[in-house]
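Below you'll find the structure, written out as structure tokens, and then a few comments.
The values are calculated or read from the model by the stated rules, or taken from the named source; none is laboratory data. Given the structure is predicted, the values throughout are model-derived calculations rather than measurements. Because the Cβ atoms are built from the backbone with ideal geometry, glycine has one as well, and the counts that use them run over all protein chains shown. SASA here: full protein model, heavy atoms, side chains in, ligands and nucleic acids out. Shrake-Rupley method; radii C 1.70, N 1.55, O 1.52, S 1.80 Å.
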Amino acid sequence: MKKRRLVMRTAILFILAAAVAYTLYANLTKDNRMKVEVGKQAPDFVLIDMEGEKHKLSDYKGQGVFLNFWGTWCKPCEAEMPYINNQYNHYKDGGVQVLAVNVSESELAVNQFAERKKLDFPIVIDTDGQVQTAYGINPLPATFLIDKDGKVVKYHTGTLTESTVREFMEKIKP
Amino acid sequence: MKDVKCECGHVNPHGTVLCEACGKVLDEQSQDKSLLDMRYEGSARRSQTYNKSIVDKIWNFFSSVKVGVWLIVVTLVASAAGTILPQEMYIPPTMPAEEYYEDQYGWFGKLYYELGFNNLYSSWWYLVLIAMIGISLVICSLDRVVPLYKALKAQKVTRHEGFLKRQRLFGISENVDEQDIAAVKQRLKAKRYNIREENGDLLAEKGRFSRWGPYVNHVGLIIFLIGGMLRFVPGMYIDKVLWLREGETKVVPETDGQYYVANEKFILENYDKEKEDKTFEAAIDRAGMVVKNYQTNAVLYKRVGPAIPGEQPELEKVKEHKIKVNQPLKFEKFALYQVDYKLDELNTMSFSLTNKATGNTFGDVKINLYDPKPKYDLGNGYGVEVLSFFPDFEFAKDGEPTTKSRIPNNPAFVFKMTSPEVPKGETSFVAIQQTIEPLGDNQYKMAFKGIETKNVTALTVRKDLTIWIIVLGGILFMIGVIQGAYWNHRRIWVQNKNGEIWIAAHTNKNWYGLKREIESALSETKINIPNDQIQREKMDKEGV
């Protein structure tokens, strides 16, 4: 009788505690709940770069992809661009691809920016925001590291330093 | 911790005050009271009896009504505090929250922000408070409803003398004959009492289900809370805003790229006193502009076949709908509501290449602010090159022109104008109502000609699978309130003790109604109307 009571009480308290814990967890993580989770397959996309070349994420299987979302007006994005460019030139033969997705700006703005910053890696424009929606981008800059199997290894938002960029590239080098 | 066997033979759980079956007073403290405390039928509220392990201690804490009431008071005070200043989601997005509160409300605003009251209703401690109320609700209810149910079920018709004597309504009559009893029984039956008989004793009872009202109410509240909790489960509740320019088609968020919506036109209508009924003329004059309608003419598309994001999807028209306030566009479990708008957003700007001296023009340039071309050739050796474009222009701290965003709120250009006279080109910086010629006087200028604008609509993308759970909780809540408030649980005992007829009665509320019922049931019989012992006590004290 007493044993049953203890078991009942423990069970009920446990269920209540679990519900409360879940609610708190879900509430605290709701702002940074990512659409694209680390360890999961990165959503595929196709975008056309400034040279008119098509880039499909799944075509880069076997290589690491450094996926960066940026805008020309975004100061931290601007700051990290030269670092990404340096490391791109260093790692491109080592099997790391950089894809810089611009968030719905005009071709003119993007071209002028790329020229001014002398960027070598392919830049694509997500004109109607489909890729941003698929990746749940906010805020900028946002960087996803995708390994050779197409899995997301890391998500980072905020400016990168040169050494972090290098570290990131090293991480996804096949 | 042993069960208690009453002299009537019924075995009661430890801590029972009144025997569940016959009502004999088991608790010694209650022995010498002249009236019984009938709450929960004197059953053993289990929380008050065991206090051993840590589990029991937590259980007992939440089982206390006192604790529950304090939790509610604290939550009420906290909720009130959240309304002193606007919550963060309602402040204008012109300034970061940490500056806004101090800027608007001084030190108090700063304190408010630092204490985290700017997001009070989603703060962890507020949720913990709500959760504790929920837990208290569950445990308080369980701890009371089970013993109460058992006690009411176990009650026997024949009650102990001590029980009857200590009821608020109690009276003794002598020389009562069987006919009187039969008549009383008949009248109680007519008043819809359930009558049970045992060795000549009577128990008339009605409205017992009203005792369950508070518990039904609590079940409703708990379902309501579960509904609120489910909103945090991914996919159950979606509330997103989608900004859409006229002519634009965009994917609807959270639909996995399945649905697209196009804004064909956004309409803002005001009341026009010429067109409305004469009655409203004065009101419209007084109020000035009164909006009559916010409307988006929307078209919903569904994607055909699979598509990878970024690829031009093949779309199939699903339906057209004029989205107005409270008239959303509905599809599957989604609804698109009109929520905001922006009128006359710049879309194109036109300039004429003009000779400053003669005023002659050499062709017009119309620039799409969302997709400006790098070069506009005007023929005959005239042309304009866009060297730089700043959609949302401002001067940065270092004095360089820069853009705040990608939205053309304040467009500015650096043009290079070429002409047969100056084939190398002249540079000119052009912003709204502002022209700078950084490299000396130019012969030509880009004369502003006009703009085209578009309206932008904002739609709320809403999906709510929890609403029916919340509605169900609300309905149960009200049923519980009605059940407990509009019915009373009344019992009348008519019992044979030592050749006398003892009458006792109890109700959980509305004693006046019970007394009237007894009076009419006992009228024209030799049974005395039972006394109200509380009233009598009061009169004794007051010396009336």
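Some points to look at:
- A loss of 30 Å² or more of accessible area (1.4 Å probe, protein heavy atoms, ligands and nucleic acids excluded) relative to the isolated chain is seen in these residues of the range A:12-26: A:Ile12, A:Leu13, A:Leu16, A:Val20, A:Tyr22, A:Thr23, A:Leu24.
- Overall shape: oblate for the range A:85-155, with the ratio a/c of the largest to smallest alpha carbon gyration tensor axis at 1.5 or above and b/c at least equal to a/b.
- Debye, to nearest 20: dipole size of the protein assembly as shown, +1 on Lys, Arg Cβ, -1 on Asp, Glu Cβ: 4020 debye
- Helix B:54-63 axis, angle to chain B major axis (alpha carbon atoms, nearest 10°): 90 degrees
- Over all pairs of different C-alpha atoms, the range B:45-152 has a mean inverse distance whose reciprocal, the Kirkwood radius, equals 16.4 Å.
- Which listed pairs, of B:Lys292/B:Lys454; A:Lys35/B:Lys319; A:Lys173/B:Lys375; B:Lys302/B:Lys404; A:Lys92/B:Lys250, have C-alpha distances above 31 Å, in listed order: A:Lys173/B:Lys375; B:Lys302/B:Lys404; A:Lys92/B:Lys250
- Annotation: per residue accessible area for chain B equals 55 Å², rounded to a whole number [probe 1.4 Å, protein chains only].
- With 22 Å as the limit, the listed pairs B:Lys33/B:Lys165; A:Lys56/B:Lys240; B:Lys189/B:Lys515; B:Lys66/B:Lys150 have A:Lys56/B:Lys240; B:Lys66/B:Lys150 beyond it between alpha carbons.
- Over all orientations, chain B has a Cα convex hull whose mean projected area works out to 46.4 square nanometres.
- The protein assembly as shown: Rg to Rh, with Rh as the Kirkwood radius over Cα pairs: 1.17
- ³J(HN,Hα) computed for each position of the range B:261-268 - Karplus, 6.51 cos²θ - 1.76 cosθ + 1.60, integer Hz, glycine/proline x: 10, 10, 9, 7, 6, 10, 10, 10
- 3J(HN,Hα) couplings calculated from phi for the range B:17-26 with the Karplus curve 6.51 cos²θ - 1.76 cosθ + 1.60 (θ = phi - 60°) are, in sequence order, 8, 10, 3, 4, 8, 9, x, 4, 6, 9 Hz; Gly and Pro show x.
- The angle separating the long axis of helix B:65-81 from the principal Cα axis of greatest extent in chain B is about 20 degrees.
- Accessible area per residue, Å², the range A:46-172 with all protein chains present, probe 1.4 Å: 40 Å²
- Share of carbon and sulfur in the accessible heavy-atom surface of chain A [1.4 Å probe, %]: 54 percent
- Distance in nm between pseudo-label sites at B:Glu197 and B:Asn380 (7 Å out along the Cβ direction from Cα): 12.1 nm
- Dipole magnitude for the range B:45-152: computed about the Cα centre from +1 point charges on Lys and Arg Cβ and -1 point charges on Asp and Glu Cβ, it is near 1140 debye.
- Separation of the B:Gln327 and A:Asp49 label points, Cα + 7 Å toward Cβ, nm: 5.0 nm
- The phi-based Karplus calculation (6.51 cos²θ - 1.76 cosθ + 1.60; θ = phi - 60°) puts the 3J(HN,Hα) values of the range B:157-174 at 5, 6, 10, 5, 4, x, 5, 5, 4, 8, 7, 5, 9, 8, x, 10, 10, 10 Hz, whole numbers, x for Gly and Pro.
- For chain B, the share of accessible area belonging to carbon and sulfur comes to 54 percent (1.4 Å probe, ligands and nucleic acids excluded).
- Farthest toward the positive end of the dipole of chain B, out of B:Asn410, B:Val261, B:Gly213, is the Cα of B:Gly213, where the dipole comes from beta carbon charges about the Cα centre.
- Calculated FRET value between A:Arg116 and A:Lys171, using beta carbons and R₀ = 35 Å, to 0.05: 0.75
- Distance in nm between pseudo-label sites at B:Ser520 and B:Glu281 (7 Å out along the Cβ direction from Cα): 6.2 nm
- Per-residue extension of 0.36 nm, minus the Cα-Cα distance of B:Tyr105 and B:Val77, leaves a gain of 8.0 nm for this segment.
- Each Lys and Arg adds +1 at its Cβ and each Asp and Glu adds -1 at its Cβ; summed about the Cα centre, the range B:348-442 shows a dipole of about 180 debye.
- Kyte-Doolittle mean at least -0.5 and Cα axial length at least 30 Å: DSSP H helices in chain A: A:2-29
- FRET efficiency for the pair A:Ile12 and B:Val67, taken as 1/(1 + (r/R0)^6) with r the Cβ-Cβ distance and R0 = 22 Å, rounds to 0.85.
- Gyration tensor verdict on the range A:46-172 (Cα atoms; rounded if a/c is under 1.5, prolate if a/b is larger than b/c, oblate otherwise): rounded
- At a Cβ-Cβ separation cutoff of 4.7 angstrom, cysteine residues of chain B with no neighbouring cysteine are B:Cys140.
- Directionally averaged shadow of the range B:390-544, computed from the convex hull of its alpha-carbon atoms, nm²: 27.0 nm²
- For B:Glu421 and B:Asp371, the FRET efficiency from 1/(1 + (r/R0)^6), where r spans their Cβ atoms and R0 equals 22 Å, is about 0.10.
- Chain B contacts chain A over a buried accessible area of about 3600 Å², both sides summed; the probe is 1.4 Å and only protein chains count.
- Among A:Ile123, A:Thr143, A:Val46 - extreme Cα towards positive end, dipole of the range A:46-172, charges at beta-carbon: A:Thr143
- Seen against the Cα atoms of chain B and their longest principal axis, helix B:533-542 is set at about 90 degrees.
- Of the residues B:Asn270, B:Ser428, B:Val184, the one whose Cα sits farthest toward the positive end of the charge dipole of chain B, with +1 on the Cβ of Lys and Arg and -1 on the Cβ of Asp and Glu, is B:Val184.
- Bridgeable aspartates and glutamates around B:Lys333 (alpha carbons under 20 Å apart, same-chain partners fewer than 8 residues away excluded): B:Asp239, B:Glu254, B:Asp256, B:Glu316, B:Glu320, B:Asp464.
- Burial here means at least 50 square angstrom less accessible surface with every protein chain in place than with the chain by itself, probed at 1.4 Å; in the range B:391-415 the buried residues are B:Arg406.
- Oblate is the label for the range B:208-278, because a/c, from the alpha-carbon gyration tensor with a ≥ b ≥ c as root eigenvalues, is 1.5 or above and a/b does not exceed b/c.
- Burial of 40 Å² or greater, the range B:235-254 residues [accessible area, probe 1.4 Å, versus chain by itself]: B:Val251
- For the range B:80-131, a Kirkwood radius taken over Cα pairs fed into Stokes-Einstein (25 °C, viscosity 0.890 mPa s) yields D = 218 µm²/s.
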